[in-house]
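What follows is a single structure, written as structure tokens, with notes after it.
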Amino acid sequence: MKNRASSHLLIILLILGLEIAGYFAVHRAGLLRGYETSIIGAVRDLMMFIPLIIIALWLSRNKKFAGNWVLYTTAILLFSFGMLIQYRLYSDPEYNARNKAQAREEKMQALRTRYIMENYDPVKKQLMGLPPTPAQPIEISQLPKKESNYSLWNALTSSYTWIPVFSFFAFAIAYSLCARDGFLLWLQRNSFIIVLFTLVPLAMAVVTSSAGKALGNMTPWEPSKIPFLIGFAGILTARYKDLAETYWGIPRARDIVPLLVMAVLPFIPFFALKDFGQMLIFSGAYTTLYLVAVRRWPQLLLFVGSVIIVIGILVVGALPRDIQEKVPLLPTIARPISAALPARIQQRFHLWLDGFDPPSPETSWWKKEYDESLSKDPKLKELADQSPAMQKTVNIDIWFDKLAFQPAQAQWGISSGKSSGRGFGLGFPEVIPIADSDYVYAAIAEETGLAGGAVIILAIIIFVVAGVRTSLEARDMFTKLCAAGLTAFVGFQALVNIGGILRALPMTGITLPFVSHGGFSLITSFAMLGMLMAFSSRNARDRVIADRPVAKSSSPLKLEAVQ
Amino acid sequence: MNLVTILLLLFQTPSPSPLPTPHVLERTPALLTLIYVFGFGFVILLLLLGLVRSRRQTTSPIPEDLPKAVRKRLGSTSTNRGLRALRWLFVLLSIGLFSFHIYWAHYAAERNEKFQELSYKDLRGRRLSESTLRGWIFDRSGRVDQPLAFYRRDSSGNIRREYPMDKAFAHIFGSDRGDPGLERALFGVQSGALPEALEVVKGQQIEFRGNQDVRLTIDRALQQAAVDQLKGKHGAVAILNPQTGDVLALYSEPSYSLAEVDDESTWIRLEANERDKPLVSRALGAYYIPGSTFKTVTMIAAFLAGEQDTEFTCSGGGYYAAPGANVIFDDGGPGEVHGRIKIDQAYEVSCNQYFAQMGVKLGAERLKRAAQLLGIGAYDTPSEALRGRKLPQIWDASTDAVKRALAPREATIVTGKQVTRYDLALMGYGQGYAGQMTPLQMALAAATIGNLEGKLMKPRIEYNVKPEVFNQVLTPQTAARLRSIMGLVTGGPSGTARGVFGPVKAAGINTGGKTGTAQKIVPLYDPKTGEPKTRHKVEKDNKGNIIREYDEVIMDNDNPRIDGWFLCIAPLEKPQLAMAVIVEGGGYGSRSAAPIAAALVLKAKDLGYFK
């Protein structure tokens, strides 16, 4: 595998071929359940490869891209896997239906009809009121099917058409801009102003949003990650030498204070938005950058230590009571902490550590929802009042209907996928709410099993390794930090998302980069990819110049070189 | 000729149970999925290769002669060292995450108890049971054209489960609500039953019982006869084959319609009906005072203890079990006197005084032993005896789920230390602490005597299950002796059911039986609403403060409900039926329950059971 445009174009074509196979699988599986998947939707999705190939050609011909093509191909691999899963979910009439019960009933009838035609003998069929045909395997064309009502107009107005297109534009723009030294220099010099200007639209988003979402089910603040990162990288580039000069292990206040201000700024809007997932990713990325740039052991220990303490406090506060009581003194320590934790965090931690056990109805954050369900259903209330044992059963029922519904269904889905999965269209990921964005990994795990999960995780690893290499090769501090930061964003986001679904971490409402097509998340991911690739290409050209002994003295680098 | 026989056989026997779907059509998408995933795996491999090959040798080799510290610095900048470390950290974290995936995919279903316990919450299980057709249910003839549960396509083209005999089998089959019956026990589906893509492609088949047809031991004609006989009454019928344990009929009236409880509000209404309790299978789940039918159990105990030849006196003065205890008379009061009698005669005329004295003579230990052999639980205290545990292990069934679905409440007696002579006397003739009997349990007691080898066979309801012995209770000789004693009740000169069984005798069938009558005090019901009447009670302490207020159900002490019982075995020479009939509020057993039993025996003769 050479790092050439032509070989990577071949791989992209290979992915396209596999993608066609995948779409065919979804189509056939749909027929087995009595519905026809949309051909228009499939063609629309596959046509996304045209701009992707054009971009690849544009990069290599017009832009003389010399950087690492692995970044691009890996992103496309993740993107197409995600696209297929979305197609599978949205073509299922039940997934997005208003009347889910009816859609489900129709699917079940299709399966039953087929079972009867294949397995019942003529006598039984006659008794049922069916034509007495012998039991024999039937052709797929004999099955009744519900036609897809997805029209060309639907396709043209769908966000699933336009968001990828916008993402490709975002990629092209980000690449073109970041490929220019002048722009990078400007970015670095004005980073503080950029951050301040980003805060203005974010403040508006905070005001208009509800429950961590705005404009329907979108998170339009997602792209603000990029200016925040540039701001932090900019200030770190300016100060990192001073920061490294420590006194008793601590940098001087005039160096550290502006940096801290810059670091805290993004947390304010995200805290207001209750988007704890993004805060987690920001902490991860900023810590990475700081440690990479400043690299002082005491500070590293300080960082790692404080992270462990914060996580420890959170976990102690969120531990279920019966576990707390097993350790002496723990309840006394934990009570004030859990009282101080926001309800949403307590709830997420409970789902993480003890998701299969409902909290007692007296728990502060659960009581409201529990009481609400009881007041809606007087029968349940009557049952709950009968006896403590009955109340426990009712509590479990409500818990699994409400808060634990999504994570628990995802868990069972992953478990049913085993090693090779159920096969596209043959599992039941449609029972998981929002399986197309936050829980896309659960849908992948159900239908393609451990193998599909391994593909996704390996692809993320490859992306991160390639991104880190871009950062390693960067010859100036600003792009080095930017590349490291972008990679950290993508990598941590993937870890936090997958970890949440697999219950290795608490669940946060963030998406899997490139795979979930959750609106702005995809656009942001592609813009980040554009920047990374621009840096990668720059590195390659710098390397060519640097290797020429004559040109070494007159390096075109205007940005500050690494020590 | 041969051809005709084969054709007939084809129509008579149930169709060979269909093999699990071989997933032919699923194979294409499954194979394409595998190709897709492994293709992507190949692409990943190529990308990894590309990553390795494009690794640039950062610097030219460093001269060896430089000091170590300098060489280290030249090797790479320290910024890059930090980055490399973070890269490896990330790789490790990702692999760690993947191990979580492995856990959920492979170990959670087997090792995680919470995960298993709550798997009924998994919506996939419901999907599967909805999409997989349950097997059909046939009666003991196995005729495909007369199913008890099958599918039919309705006018709108939907395929629906139908029950041609609906109410007659409602308690046995059970609906999707409430406790599971045979329907859910036989055809329940677990989501683990479906194969993964690789297995589909390889054509592997998964063992799956959920869609196989089932043949029951129940005779639809006999069951229907029981329904007809109990119509308009409250009661239950249990008929077993004493030699094999086959359940031939099992019905409780009032019953409910399986089609109607599809509607949740109907279900709730039925569930709330405290007076008629239509959802409860009386044959399995209701406690009755057995009255004189329990003398059968006492008699078995007497034979086991070797007291069968003991004579007792039945006098006009009654029997005092202990000084100061209530006197025990026969049903006719002081006027009914049998004199000094043996066990045969005492059973024939249903003498209370005799069996009361026998109960005292036997004592708690020997009663307990006999009861336990018959599957009756013997507990130390009344509160334990009243707890109403289930007894699934009495059944002979293919799976534990079936046993649980049909588990009767355990019939109990009290044999602890606090049991007095008077209690023993009452138990001896089926009153007092013997008041927790189920119709199935009494049928089993009759079946024990009916068994030619004196064995108690476990009841079985699936035709293809091998008969199993619950206990060897009696010797064959004792069983034969007991059968002849039971024969006196229907055939003896002063047998309590002689008159009613006249037509049966005339039809040439020798039977054995036992009548029983029991008074039970029940709540008073409001005739308009059907709700139990209550009175408001306020408890006060001596200062006049209210301690608690509650509503007390008014018991109708003046008009106790009189339940009629009848146990029956037929024909006496080689019993094919062992039957228990109870009619709530029917009056004397000889007048309410015995005629039903007689009619059912005649029906069984018509059906060819006594050939």
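The values are calculated or read from the model by the stated rules, or taken from the named source; none is laboratory data. All values reported here derive from a predicted model rather than from experimental measurement. FYI the Cβ positions are ideal-geometry reconstructions off the backbone, even for glycines, and counts take in every protein chain you see.
When you look at B:VAL469, is it modelled with pLDDT of 90 or more, out of contact with any Gly (no Cβ under 7 Å at 6 or more places or on another chain) and exposed (fewer than 15 other Cβ atoms within 10 Å of the Cβ), yes or no?
Working: modelled with pLDDT of 90 or more: yes; out of contact with any Gly (no Cβ under 7 Å at 6 or more places or on another chain): yes; exposed (fewer than 15 other Cβ atoms within 10 Å of the Cβ): yes.
So B:VAL469 passes the test.
Exactly one condition in (1) farther than 22 Å from B:GLY495 by Cβ; (2) out of contact with any Phe, Trp or Tyr (no Cβ under 8 Å at 6 or more places or on another chain) is false for B:ALA325; which is it?
Condition (2) is where B:ALA325 drops out.
Please work out which one of (1) within 30 Å of the chain's Cα centre (by Cα); (2) within 30 Å of A:GLY234 (Cβ to Cβ) is the condition A:GLN299 fails and give its number.
With (1) within 30 Å of the chain's Cα centre (by Cα); (2) within 30 Å of A:GLY234 (Cβ to Cβ) applied to A:GLN299, the lone miss is (1).
Can you pull out every residue in region B:104-131 that is assigned to a loop (DSSP other than H, G, I, E, B) and either more than 7 Å from chain A (Cβ to nearest Cβ) or small (Gly, Ala, Ser) (or both)? Break it down stepwise before answering.
So the first thing to find is which residues in region B:104-131 are assigned to a loop (DSSP other than H, G, I, E, B), and the list is B:112, B:118, B:122.
The answer is B:ASN112, and nothing else.
Which of the residues belonging to region A:93-111 are hydrophobic (A, V, I, L, M, F, W, C) and over 16 Å from B:GLY125 (Cα atoms)?
Step one: of region A:93-111, the residues hydrophobic (A, V, I, L, M, F, W, C) are A:97, A:101, A:103, A:108, A:110-111.
Selection gives A:ALA97, A:ALA103, A:ALA110.
May I ask you to verify whether B:TYR354 is among the aromatic types (Phe, Trp, Tyr) and farther than 23 Å from B:LEU240 by Cα?
Working: among the aromatic types (Phe, Trp, Tyr): yes; farther than 23 Å from B:LEU240 by Cα: yes.
Criteria met by B:TYR354.
If you take the residues of region B:508-551 that are at positive phi and surrounded by fewer than 11 Cβ atoms within 10 Å (Cβ to Cβ), which of them is nearest to the chain's Cα centre (by Cα)? Give the steps one after another, and end with the answer.
Kept after step one, since they are at positive phi, are these residues of region B:508-551: B:508, B:530, B:544.
With the extra rule that they be surrounded by fewer than 11 Cβ atoms within 10 Å (Cβ to Cβ), the set shrinks to B:508, B:544.
Details: B:GLY508: 35, B:GLY544: 51 Å.
Taking the candidates together, the pick is B:GLY508.
Out of (1) in contact with a Phe, Trp or Tyr (Cβ under 8 Å, 6 or more places away or on another chain); (2) surrounded by fewer than 13 Cβ atoms within 10 Å (Cβ to Cβ), what's the single condition that is false for A:ILE309?
(1)
Only one of these conditions is not met by A:LYS402: (1) facing chain B (nearest Cβ under 9 Å); (2) surrounded by fewer than 23 Cβ atoms within 10 Å (Cβ to Cβ). Which number is it?
Exception for A:LYS402: condition (1).
Being outside any loop (DSSP other than H, G, I, E, B), within 14 Å of chain B (Cβ to nearest Cβ), surrounded by 22 or more Cβ atoms within 10 Å (Cβ to Cβ) and on the phi < 0 side of the Ramachandran plot, is that true of even one residue in region A:366-383? Walk me through how you get there before you give the answer.
Keep residues of region A:366-383 that are outside any loop (DSSP other than H, G, I, E, B), which gives A:366-376, A:378-383.
Of the ones still in play, those that are also within 14 Å of chain B (Cβ to nearest Cβ) are A:378-383.
Add one more test, that the residue is surrounded by 22 or more Cβ atoms within 10 Å (Cβ to Cβ), and what stays is none.
No, region A:366-383 has no match at all.
Hey, among the residues in region A:90-104 that are at pLDDT below 85 and hydrophobic (A, V, I, L, M, F, W, C), which one's farthest from A:GLY425 (Cα to Cα)?
My answer is A:ALA101.
Yes or no, residue by residue, for (1) under 39 Å from the mean Cα position of the chain (by Cα); (2) not charged (D, E, K, R):
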{"residue": "B:ARG282", "(1), (2)": "yes, no"}
{"residue": "B:GLY285", "(1), (2)": "yes, yes"}
{"residue": "B:GLY291", "(1), (2)": "yes, yes"}
{"residue": "B:PHE294", "(1), (2)": "yes, yes"}
{"residue": "B:THR298", "(1), (2)": "yes, yes"}
{"residue": "B:PHE303", "(1), (2)": "yes, yes"}
{"residue": "B:SER315", "(1), (2)": "no, yes"}
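Yes or no: region A:68-79 includes at least one residue that is surrounded by 22 or more Cβ atoms within 10 Å (Cβ to Cβ), within 10 Å of chain B (Cβ to nearest Cβ) and not in a helix (DSSP H, G or I).
Taking every residue of region A:68-79 in turn, at least one turns out to be surrounded by 22 or more Cβ atoms within 10 Å (Cβ to Cβ), within 10 Å of chain B (Cβ to nearest Cβ) and not in a helix (DSSP H, G or I).
Can you name the residue in region A:433-454 that is in a loop (DSSP other than H, G, I, E, B) and within 13 Å of A:PHE81 (Cα to Cα) and is also farthest from the other protein chains (Cβ to nearest Cβ) among such residues? Before you say what the answer is, go through the steps one by one.
Narrowing region A:433-454 to residues in a loop (DSSP other than H, G, I, E, B): A:433-439.
If we keep only those that are within 13 Å of A:PHE81 (Cα to Cα) too, we end up with A:436-437.
Values: A:ASP436: 17, A:SER437: 19 Å.
The qualifying residue farthest from the other protein chains (Cβ to nearest Cβ) is A:SER437.
Count, please, the residues in region B:136-152 that happen to be assigned to a loop (DSSP other than H, G, I, E, B) and either facing chain A (nearest Cβ under 7 Å) or surrounded by 21 or more Cβ atoms within 10 Å (Cβ to Cβ) (or both). Even if it seems obvious, please write down each step before you answer.
We begin by selecting, within region B:136-152, every residue assigned to a loop (DSSP other than H, G, I, E, B); these are B:136, B:139-148.
Narrowing the set further to residues that are either facing chain A (nearest Cβ under 7 Å) or surrounded by 21 or more Cβ atoms within 10 Å (Cβ to Cβ) (or both) leaves B:136, B:139, B:144-145, B:147-148.
Here the count works out to 6.
Please work out which one of (1) at pLDDT 90 or above; (2) within 24 Å of B:ALA497 (Cβ to Cβ) is the condition B:ALA305 fails and give its number.
(2)
Against the condition part of a strand (DSSP E or B), more than 10 Å from chain A (Cβ to nearest Cβ) and out of contact with any His (no Cβ under 8 Å at 6 or more places or on another chain), how does B:ARG177 come out, does it pass? Lay out the reasoning, then the answer.
On the way: part of a strand (DSSP E or B): no; more than 10 Å from chain A (Cβ to nearest Cβ): yes; out of contact with any His (no Cβ under 8 Å at 6 or more places or on another chain): yes.
So B:ARG177 does not fit the description; no.
Exactly one condition in (1) within 7 Å of chain B (Cβ to nearest Cβ); (2) modelled with pLDDT under 95 is not met by A:ILE457; state its number.
So the condition that A:ILE457 fails would be (2).
Residue pairs, Cβ under 7 Å, 6 or more apart or interchain, first in region A:92-113 and free of Cβ contacts under 8 Å to residues at least 60 places away in the same chain, second surrounded by fewer than 21 Cβ atoms within 10 Å (Cβ to Cβ) and of a type in the set (Phe, Trp, Tyr). List them.
A:ASN96/A:TYR90
Every residue in region B:77-101 that is polar (S, T, N, Q), under 14 Å from A:ILE498 (Cα atoms) and facing another protein chain (nearest Cβ under 7 Å), please.
Restricting attention to region B:77-101, the residues satisfying the condition of being polar (S, T, N, Q) are B:77-80, B:94, B:99.
After this cut, where a residue has to be under 14 Å from A:ILE498 (Cα atoms) as well, the list is B:94, B:99.
Selection gives B:SER94 alone.
With respect to A:PRO122, determine if the residue is at pLDDT 85 or above, over 22 Å from A:TYR35 (Cβ atoms), surrounded by fewer than 17 Cβ atoms within 10 Å (Cβ to Cβ) and more than 10 Å from every other protein chain (Cβ to nearest Cβ).
Working: at pLDDT 85 or above: yes; over 22 Å from A:TYR35 (Cβ atoms): yes; surrounded by fewer than 17 Cβ atoms within 10 Å (Cβ to Cβ): yes; more than 10 Å from every other protein chain (Cβ to nearest Cβ): no.
Spelling it out, it is not the case that A:PRO122 is at pLDDT 85 or above, over 22 Å from A:TYR35 (Cβ atoms), surrounded by fewer than 17 Cβ atoms within 10 Å (Cβ to Cβ) and more than 10 Å from every other protein chain (Cβ to nearest Cβ).
If I filter region A:538-558 for residues that are modelled with pLDDT of 85 or more and touching a Ser or Thr at 6+ places or on another chain (Cβ under 8 Å), do I get at least one hit?
Yes, there is a match, as at least one residue in region A:538-558 is modelled with pLDDT of 85 or more and touching a Ser or Thr at 6+ places or on another chain (Cβ under 8 Å).
Regarding region A:416-432, can at least one residue be identified that is among the small types (Gly, Ala, Ser), in a helix (DSSP H, G or I) and facing chain B (nearest Cβ under 10 Å)? Break it down stepwise before answering.
Restricting attention to region A:416-432, the residues satisfying the condition of being among the small types (Gly, Ala, Ser) are A:416-417, A:419-421, A:423, A:425, A:427.
When the remaining residues are screened for being in a helix (DSSP H, G or I), the result is A:416-417.
Adding the requirement that they be facing chain B (nearest Cβ under 10 Å) leaves A:416-417.
Yes: one or more hits.
Inside region B:406-463, can you point out the residues that are part of a helix (DSSP H, G or I) and not aliphatic (A, V, I, L, M)?
Taking region B:406-463 and keeping what is part of a helix (DSSP H, G or I), we get B:421-428, B:432-434, B:439-450.
Those that are part of a helix (DSSP H, G or I) and not aliphatic (A, V, I, L, M): B:ARG421, B:TYR422, B:ASP423, B:GLY428, B:GLY432, B:TYR433, B:PRO439, B:GLN441, B:THR448, B:GLY450.
Tally up the residues in region B:386-401 that are of a type in the set (A, V, I, L, M) and at pLDDT 90 or above, please.
Step one: list which residues in region B:386-401 are of a type in the set (A, V, I, L, M), which gives B:386, B:391, B:394, B:397, B:401.
The next check asks that each one be at pLDDT 90 or above; those that pass are B:391, B:394, B:397.
Selection size over region B:386-401: 3.
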